[in-house]
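The values are calculated or read from the model by the stated rules, or taken from the named source; none is laboratory data. All figures in this text were calculated on a predicted structure; none of them were measured in a lab. No Cβ is skipped: glycine too gets one built from the backbone with ideal geometry, and neighbour counts run over all protein chains shown.
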Amino acid sequence: MKAKSIKGKSKAEIKTALDESMSVGFKPTLAIVFMSVAQDRKAICSLLDEAGITVFGSTTHGEFIDEEIETGSIAILLLDIKKEHFRIHSAEFQNYSYRETSKTVAGKASQDFEKVAFLLVTSNATTDGEEVLIGLQEVAGNQVNAFGGAAGDDYAFEETWVFTNGWENNHGMVCIAIDEEKVAVSGIATCGWKAVGTEKVVTKSEGNHVFTIDGTPALDITTKYGGLENVSPDNKDIVTELAANFPLQLQREKGNPVMRPALVVDWEDHSFYTSGSVPEGSMIRFSLPPDWDVMEKVVKGVQNLKETEMPEADAVVVFSCGGRILSFGPMMNAEIEGVKEVWNVPMAGMFSNAELGRMAGGNLEMHNLTTCCVALKEK
């Protein structure tokens with residue numbers, strides 16, 4: 001399988017890059033498209049459709065094909081994967097039917113491929129990524145390879161989109177079902193955040209609404225450990241500071257902890273809502289503000305993936321949390337460059353609202369403040 005990555009800030013620039021990439025006999029069949037919500041999705045889809053290319057697309061908080069992070073742009077990974085080796089499935093989540101919708105998608109994919117893997121993107125901030133993954137596993141098995149992310153909208157946090165040829169939706173999912181007997185798919189989710197303090201008990205929670213930790217309001221105990229000041233509704237930066245630098249680390253029986261940043265504060269009782277479920281009675285630890293080691297752990301995790309599972313790759317897809325840019329700023333380029341250099345093959349990536357994948361030795365889960373790297377190799 002050959003791959004090429006292109007980028008641009010307009011339909012005209014993408015057309016020029018596409019024409020150049022195809023001028024030497026390269027005939028892509030699949031385009032993984034990550035683009036700003038400000039760009040014209042329909043125009044880009046139409047351009048690719050006219051070239052006979054299938055589209056798997058998502059809006060983002062930022063996009064890249066190399067170590068240079070773009071905003072307001074379009075990043076595309078072009079693949080000439082054989083058409084019989086993949087299928088695109090899209091679906092709208094009606095009445096919040098996340099698990100049932102993904103089960104239906106997985107059922108269709110399993111009819112095409114005996115051993116199936118998924119790359120997927122979801123839209124709408126209310127979408128429960130964990131339920132989507134559970135639905136896939138109930139049909140395709142607990143060890144299914146599934147990786148992806150939740151669409152962004154340039155940090156407006158208003159409306160996100162996923163799309164494919166002739167279809168887009170702001171509360172749905174698009175996935176590439178891949179025949180793993182023909183295409184090897186390997187990935188890893190890594191966050192690198194360091195924990196601080198002893199384990200604490202979530203003494204009261206409902207879904208993703210965390211009320212108390214060790215009997216203390218969740219906001220109060222978290223800001224105490226973070227040493228944060230001016231904790232009041234008047235401080236508009238307090239939630240960003242909490243989410244980007246002091247996420248809860250939800251402990252698991254196996255594998256690495258899962259990040260659960262606070263996204264919305266209830267000032268009446270000082271509880272908060274996190275990005276994913278935090279079961280009552282579960283154990284958490286607090287986080288230290290990120291440093292250079294966080295990015296090094298991500299790159300080392302990807303290097304280990306190459307050494308243990310995927311010595312060679314044709315292409316790489318990256319789903320990285322938009323919160324990582326808020327934490328690292330320009331240093332984020334170093335992490336992307338490090339990931340790129342592991343295989344040094346064409347790559348495209350997006351900054352997402354959430355990440356979907358499996359950490360080393362862990363379960364398939366929804367993550368935050370995490371980088372999910374996926375390598376593809378046609379057999």
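Take the stretch 224-246 and flag every residue that is without any contact (Cβ under 8 Å) to a residue 60 or more places away in the chain and either hydrophobic (A, V, I, L, M, F, W, C) or at positive phi (or both). Within the stretch 224-246, 227, 228, 230, 231, 238, 239, 242, 246 qualify. Against the test of being in contact with a Lys or Arg (Cβ under 8 Å, 6 or more places away or on another chain) and polar (S, T, N, Q), the options 190, 127, 164 yield a single qualifying residue, 190.
The residues listed here are 168, 180, 199; of these, the one that is touching a strand residue (DSSP E or B) at 6+ places or on another chain (Cβ under 8 Å) and in the same structural domain as residue 279 (by TED's automatic domain parsing) is 199. Determine, yes or no, whether residue 157 is in the same structural domain as residue 324 (by TED's automatic domain parsing), within 23 Å of residue 322 (Cβ to Cβ) and in contact with a Gly (Cβ under 6 Å, 6 or more places away or on another chain). Considered against the rule, which asks whether it is in the same structural domain as residue 324 (by TED's automatic domain parsing), within 23 Å of residue 322 (Cβ to Cβ) and in contact with a Gly (Cβ under 6 Å, 6 or more places away or on another chain), residue 157 comes out as no. Taking the stretch 245-291 only, how many residues are within 21 Å of the chain's Cα centre (by Cα), aromatic (Phe, Trp, Tyr) and assigned to a loop (DSSP other than H, G, I, E, B)? Total meeting the criteria: 1. Within the stretch 116-130, the only residue that satisfies the criterion of being assigned to a helix (DSSP H, G or I) and either of a type in the set (Val, Ile, Thr) or over 22 Å from residue 55 (Cβ atoms) (or both) is 130.
Restricting the stretch 16-43 to residues that are β-branched (Val, Ile, Thr) and in a strand (DSSP E or B), the residue that is surrounded by the fewest Cβ atoms within 10 Å (Cβ to Cβ) is 32. When the helices (runs of 4 or more DSSP H) confined to the stretch 292-358 are screened for residues that are of a type in the set (D, E, K, R) and closer than 24 Å to residue 79 by Cβ, those reaching at least 3 such residues are found at 332-343.
Could you please find all residues in the stretch 212-223 being part of a helix (DSSP H, G or I) and under 28 Å from the mean Cα position of the chain (by Cα)?
218, 219, 222, 223
Pull up the stretch 141-166, narrow it to residues that are among the hydrophobic types (A, V, I, L, M, F, W, C) and crowded, with 24+ Cβ neighbours inside 10 Å, then point me to the one that is farthest from residue 59 (Cα to Cα). Filtering first and then ranking leaves 146.
Taking the criterion of being surrounded by fewer than 20 Cβ atoms within 10 Å (Cβ to Cβ) and in contact (Cβ under 8 Å) with a residue 12 or more places away in the chain, the residues of the stretch 213-223 that qualify are 214, 215, 217, 220, 221. Considering 311, 290, the condition of being buried (at least 20 other Cβ atoms within 10 Å of the Cβ) and either out of contact with any strand residue (DSSP E or B) (no Cβ under 8 Å at 6 or more places or on another chain) or hydroxyl-bearing (Ser, Thr, Tyr) (or both) is satisfied by 290 alone. Count of the stretch 232-278 residues, restricted to those that are over 17 Å from residue 363 (Cα atoms) and touching a strand residue (DSSP E or B) at 6+ places or on another chain (Cβ under 9 Å), is 22.
Results for (1) of a type in the set (Phe, Trp, Tyr); (2) assigned by TED's automatic domain parsing to the domain that holds residue 372; (3) in a loop (DSSP other than H, G, I, E, B); (4) in contact (Cβ under 8 Å) with a residue 60 or more places away in the chain, shown as yes or no for each residue.
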{"position": "46", "(1), (2), (3), (4)": "no, yes, no, no"}
{"position": "81", "(1), (2), (3), (4)": "no, yes, yes, yes"}
{"position": "90", "(1), (2), (3), (4)": "no, yes, no, yes"}
{"position": "107", "(1), (2), (3), (4)": "no, yes, no, no"}
{"position": "114", "(1), (2), (3), (4)": "no, yes, yes, yes"}
{"position": "139", "(1), (2), (3), (4)": "no, yes, no, no"}
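Hey, could you check the stretch 224-243 for residues that are part of a helix (DSSP H, G or I) and surrounded by fewer than 21 Cβ atoms within 10 Å (Cβ to Cβ) and say which is nearest to the chain's Cα centre (by Cα)? Filtering the stretch 224-243 for residues that are part of a helix (DSSP H, G or I) and surrounded by fewer than 21 Cβ atoms within 10 Å (Cβ to Cβ), the one nearest to the chain's Cα centre (by Cα) comes out as 240. Taken together, the residues in the stretch 148-195 that are farther than 27 Å from residue 292 by Cα and assigned to a strand (DSSP E or B) amount to 17.
With respect to (1) surrounded by 19 or more Cβ atoms within 10 Å (Cβ to Cβ); (2) farther than 20 Å from residue 174 by Cβ; (3) of a type outside the set (Phe, Trp, Tyr), the lone exception for residue 13 is condition (1).
When residues in the stretch 83-108 are screened for being in contact with a strand residue (DSSP E or B) (Cβ under 6 Å, 6 or more places away or on another chain) and of a type in the set (Phe, Trp, Tyr), 2 of them pass.
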